[in-house]
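**Q** Right, I'll just put the structure down here and ask away after.
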Number of protein chains: 2
Amino acid sequence: MHLPKGFRFAGVSAGIKSRAGAKDVVLIVSEKPCTAAGVYTTNQIVAAPVVLSRSRTPSNRLRGIVVNSGNANACTGVQGDRDAAEMTRLAAEGLQASISGEMAQDDFLVMSTGIIGRQLPMEKIRTGIERAIGELGSSEAHFLNACDGIMTTDAFRKIADRTAWSSQGNHALVGMCKGAGMIGPKMATMLAIVVTDAPLDRYQAQRMLQAAANRSFNCISVEGHMSTNDSLVLLATSPTEQTPALSDADAAIFEAELTELCIELAKKIPDDGEGATHLIEIQIRGANTDADADAIARSIALSNLVKTAITGGDPNWGRIVSAAGYAGVPIQPKRTALKINGISLFDAGEPLPFDAKTVSSSIRAQKLTLIELQVGLGPGTATHWTTDLNSEYVRFNSEYTT
Amino acid sequence: MHLPKGFRFAGVSAGIKSRAGAKDVVLIVSEKPCTAAGVYTTNQIVAAPVVLSRSRTPSNRLRGIVVNSGNANACTGVQGDRDAAEMTRLAAEGLQASISGEMAQDDFLVMSTGIIGRQLPMEKIRTGIERAIGELGSSEAHFLNACDGIMTTDAFRKIADRTAWSSQGNHALVGMCKGAGMIGPKMATMLAIVVTDAPLDRYQAQRMLQAAANRSFNCISVEGHMSTNDSLVLLATSPTEQTPALSDADAAIFEAELTELCIELAKKIPDDGEGATHLIEIQIRGANTDADADAIARSIALSNLVKTAITGGDPNWGRIVSAAGYAGVPIQPKRTALKINGISLFDAGEPLPFDAKTVSSSIRAQKLTLIELQVGLGPGTATHWTTDLNSEYVRFNSEYTT
């Protein structure tokens, strides 16, 4: 794994999570002021750390991010706002001694994930931040500790890396994210952090991150619930006279790599939907616009009837085609065509004869199910990823009692 | 049950459904030309009978409705269009002998519900329509036969009746509907027919039916899937010089009764969600507009996390409040307040201390769970009804294989 130059990572255990030794405080620090961009939940019920970080991006003088898992600091009122700010103050003051240059709490972002409606255990967080400062480093082991520290109900670590070529040389991109279906008591949050040593202007970074999010993290669903804490942050090298921000041509290459990296990360979330037996990829072609294609993909991805059909290995074209039909954007029924795992089931508005056993076997034989739907109008495309819906999921989500 | 004057009903078995003797062809006939209004699925993938009936309402010279269950005549191409028209022709020609006055196939509506993607068994339908014509009658037994004949996967018969008072006297309203969650192989359709002897102008009837639908059938969900066949039709007496259309004042009273009747019918559908252990009523207050309140109620009603929480008897305010937060319409988080079964859990943007066991017991103790959410902005209100989500539902919907 090729880590970007100029960043340090730490993940430590501070006892916020109940499992002994579980890492729950993370620090990512830039050796020099860096560029930061952020994309956040659009839920109006929004956690204190999101409000704070959102106000501090995009930035051209960021110094780092402090993250805790085990407690989301959401629905925590004024005390929650104070605690989020305090986390960034603790990071700034603690780092002042060990990293060169002035830094203030405004130069830090904060993320929290875990149970909602409970105040942060600030004594543990204070100890954790101190310990994380002491353990900062730039090796792969340090990076992986940070990845572990942002996880909550994840069954596996979610990381990805890419290299972007530019006229200035090679730039490393590494990313980590967390998120799965609901297995814990409260809502699952998606957090993602991408770090690169490509020199980016803050507005350039913000624009590229939003575009990448629209093709990745905004295209996944497990249960369709948008959390109060969802956050995606990009840290990049701050441009200088010697290393100016990427040119438009170089930025286009970078954006493609960033998008691919975000898609790779994002897909790992429905792939980790608890109890999920299938990762469902929904490719829409032929909508009037990409936004229309997105609406159709979303309608299918959120359909419990589609999801349960895949669980059962049932090539139920009716559920899929009708979910497209009520997405609220135009389709052309008489030119609509559907394939599951490459096998045509429906064409020109009518069902085709097909061997149900062959399709069913292909669904049962592999974790990925590919749904390709052509809606017969225009150039708009979208791809979404979701999970199936099975009894395990329901059991997980109904057996918890507050 | 007080049946409206001037209408005859029949429900017979024609062998379309596999279960021997199950009624599957229904005829409702008006002794004189009557008024008809209709509200239909907005799914763009739409069944042949819906296309035909939609083109024939509102009407001031309707003679009847012919319905079959067991086959939805959806996704059946040009042959399906021909068969839907043929059903109305068979009804008109067959009735010509037994009912006074000229009638043409255009004077009939048609509804179908059942499996999709298969051509109608027209021989059975032909026999069924003939038999239904022979069995038409105006007793309660005839009405109940018709109710049974529109059912598919319903666990129980869904009927309701009301009386509307007007300056012209009392008017009877009776309604039947069918629809449940998915237990059969394909998509569940909602069909509803309301018959009244109130004299209504066709545009008056259409306006009132749409308004009633917006507060009833448009406010229920089992799995959020809109079918290709959903239809709601109102038949009323055609006004004459002696019995003119209801005055505005009388129509307001009638509309209130019609709305109440539609709500009573509509609630029976999620109450019959297969395997459902709870009927969830979601009351929204304080949105900017009724339409905004509707969007918030829908977002909560479609949340698998809310539905599974109720299954588990979990007073999980976080899932409910956050589903409101991403509904895409404004709420005021700092004035948001939530009650479950009358117990306050959340107020002014923060969780309240509450006895989780008491709330949990109240959820477990009864089939109905009442969620009241105040969003702190304006006068907009809405009420939606949905089911919980449990392993039974998933099992039902995933075990079928085409």
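**Q** Rounded to the nearest 5, what % of the DSSP beta bridges within region A:7-269 are antiparallel ones? Please list the in-between numbers first.
**A** Working: 36 of 50 bridges.
Of those bridges, close to 70 percent are antiparallel.
**Q** Two decimals is fine: what's Rg over Rh for chain B, C-alpha atoms, Kirkwood radius as Rh?
**A** Details: Rg = 22.0 Å, Rh = 21.9 Å.
With Rg and the Kirkwood Rh in hand, the quotient comes to 1.00.
**Q** Sticking with this one: Between copies, how far does the label point of residue A:127 sit from its twins, in nm, shortest first, when each point is 7 Å from Cα along Cα→Cβ?
**A** Here the equivalent label points are 8.1 nm apart from this one.
**Q** 7 Å from Cα along Cα→Cβ at both residue A:249 and residue B:31: what's the point-to-point distance in nm?
**A** 8.7 nm
**Q** Follow-up question, since we're still on this one. What is the mean projected area of the alpha carbon convex hull for region A:355-401, to one decimal in square nanometres? Show your work: numbers first, answer last.
**A** Working: hull surface 22.8 nm².
If I average the Cα hull's projected area over directions, I get 5.7 nm².
**Q** Could you pull the Rg and Dmax for region A:47-108, using just the Cα atoms, both in Å?
**A** Expressed in Å, the Cα Rg and Dmax of region A:47-108 come to 11.9, 36.
**Q** Next question, about the same structure. Before anything else, pin down the relative contact order of region A:88-155: Cα pairs under 8 Å, at least 6 apart, normalised by residue count, whole percent.
**A** Numbers: 32 pairs, mean separation 22.3, N = 68.
Once divided by the residue count of region A:88-155, the mean separation gives 33 percent.
**Q** Any chance you could give the angle, 0 to 90 degrees and rounded to 10, that helix A:77-96 forms with the longest Cα principal axis of chain A?
**A** Once rounded, one gets 60 degrees.
**Q** Could you name the aspartates and glutamates whose alpha carbon sits less than 12 Å from that of residue A:32, not counting residues in the same chain fewer than 8 places away?
**A** A:102, A:107, A:197
**Q** Also, quick follow-up: For helix A:122-134, what angle does its Cα long axis make with the longest principal axis of chain A, in degrees from 0 to 90 and rounded to 10?
**A** Helix A:122-134 sits roughly 80 degrees off the main axis of chain A.
**Q** Can you give the net charge of the other residues whose Cβ lies under 15 Å from the Cβ of residue A:353, counting K and R as +1 and D and E as -1?
**A** Details: positive: A:339, A:357, B:118; negative: A:347, A:350, A:355.
Around residue A:353, the surrounding residues sum to 0.
**Q** Would you mind checking the tilt of helix B:356-365 against the longest principal axis of the Cα atoms of chain B, expressed as 0 to 90 degrees and rounded to 10?
**A** Long axis of B:356-365 versus the principal axis of chain B: about 20 degrees.
**Q** Any chance you could list the semi-axes, whole Å, largest first, of the equivalent ellipsoid that the Cα gyration tensor gives for the protein assembly as shown, using √(5λ)?
**A** 56, 28, 22
**Q** By Cβ position, which chain A residue lies least far from the axis that rotates chain A onto chain B, and what is the distance to the nearest whole angstrom?
**A** A:391, 2
**Q** Shifting gears a bit: Based on the Cα gyration tensor of region A:202-258, what are the three equivalent ellipsoid semi-axes, each the root of five times an eigenvalue, rounded to whole Å and given largest first?
**A** Details: eigenvalues 157, 33, 9 Å².
Those come to 28, 13, 7 Å.
**Q** Which of rounded, prolate or oblate describes region A:1-67 when judged by the alpha-carbon gyration tensor and an a/c cut-off of 1.5? Display every interim value, and only then the final one.
**A** Values: a/c = 2.40, a/b = 1.08, b/c = 2.23.
The shape class here is oblate.
**Q** Averaging sequence separations of C-alpha pairs under 8 Å and six or more residues apart, then dividing by the length of region A:310-361, give the relative contact order as a whole percent.
**A** Taking the mean separation of contacting Cα pairs over the length of region A:310-361, I get 35 percent.
**Q** For residue A:139, place a label point 7 Å from Cα along the Cα-to-Cβ direction in every copy; what are the distances to the other copies, in nm, shortest first?
**A** Result, one decimal in nm: 9.1.
**Q** Along Cα→Cβ, 7 Å out, is where each label goes; now give me the distance between the ones at residue B:19 and residue A:283 in nm to one decimal.
**A** 4.3 nm
**Q** Can you sort A:372, B:93 from fewest to most other Cβ atoms within 10 Å of each residue's own Cβ?
**A** Details: A:372 18, B:93 14.
Fewest-to-most ranking of A:372, B:93: B:93, A:372.
**Q** Positive end of the charge dipole of chain A (Lys, Arg +1 and Asp, Glu -1 on Cβ, about the Cα centre): tell me which of A:261, A:219, A:115 has its Cα farthest that way.
**A** A:115
**Q** Take the alpha carbon gyration tensor of region A:1-138, find the square roots of its eigenvalues, order them as a ≥ b ≥ c, and report rounded if a/c is under 1.5; if not, report prolate when a/b exceeds b/c, else oblate. Intermediate results must be reported in sequence, preceding the final value.
**A** Details: a/c = 1.66, a/b = 1.21, b/c = 1.37.
Note, shape of region A:1-138 comes out oblate.
**Q** Once you have the Kirkwood Rh of region B:283-324 from its Cα pairs, apply Stokes-Einstein at 10 °C and 1.306 mPa s and quote D in µm²/s. Don't skip to the answer; put the middle values down first.
**A** Values: Rh = 10.6 Å.
Taking Rh from Cα pairs, D becomes 150 µm²/s.
**Q** Measuring nothing but label to label, 7 Å from Cα along Cα→Cβ, what are residue A:289's distances to the other copies in nm, shortest first?
**A** Between copies, matching label points for residue A:289 lie 2.0 nm apart.
**Q** Before anything else, pin down the relative contact order of chain A: Cα pairs under 8 Å, at least 6 apart, normalised by residue count, whole percent. Don't jump to the answer; show the numbers that get you there.
**A** Working: 1003 pairs, mean separation 68.8, N = 402.
Across chain A, relative contact order equals 17 percent.
**Q** Each residue of region B:373-385 in turn: what ³J(HN,Hα) in whole Hz from Karplus with 6.51, -1.76, 1.60 and θ = phi - 60°, glycine and Pro shown as x?
**A** Rounded to whole hertz, the list is 10, 9, 10, x, 10, x, x, x, 10, 6, 10, 10, 10.
**Q** Now, a different point. Stick to Cα atoms and the Kirkwood definition of Rh, then tell me Rg/Rh for region A:279-398. Intermediate values should be presented prior to the final figure.
**A** Details: Rg = 13.7 Å, Rh = 14.2 Å.
Across region A:279-398, the Cα-based Rg/Rh ratio is 0.97.
**Q** Is region B:123-179 best put as rounded, prolate or oblate by its Cα gyration tensor, with a ≥ b ≥ c the root eigenvalues, rounded for a/c under 1.5, and otherwise prolate when a/b is larger than b/c, oblate when not? Kindly include the intermediate steps, with their values, before the conclusion.
**A** Values: a/c = 3.25, a/b = 1.61, b/c = 2.02.
Judged from the Cα gyration tensor, region B:123-179 comes out oblate (a/c at least 1.5, b/c at or above a/b).
**Q** Give the residue list of trypsin sites (Lys or Arg not before Pro) in region B:326-357 that are DSSP loop and have at most 12 other beta-carbon atoms within 10 angstrom.
**A** On the way: sites: B:334, B:335, B:339, B:357; in loops: none.
Passing both the DSSP loop test and the Cβ count: no residue.
**Q** So what's region B:153-291 giving for Rg/Rh, alpha carbon basis, Kirkwood Rh from the mean inverse pair distance?
**A** Rg/Rh: 1.01.
We did not get these values from a lab; they are worked out from the coordinates using the rules stated. Values in this document were obtained by computation on a predicted structure and should not be read as measured data. Note that each Cβ is placed from the backbone with ideal geometry, even for glycine, and that neighbours are counted across all protein chains shown.
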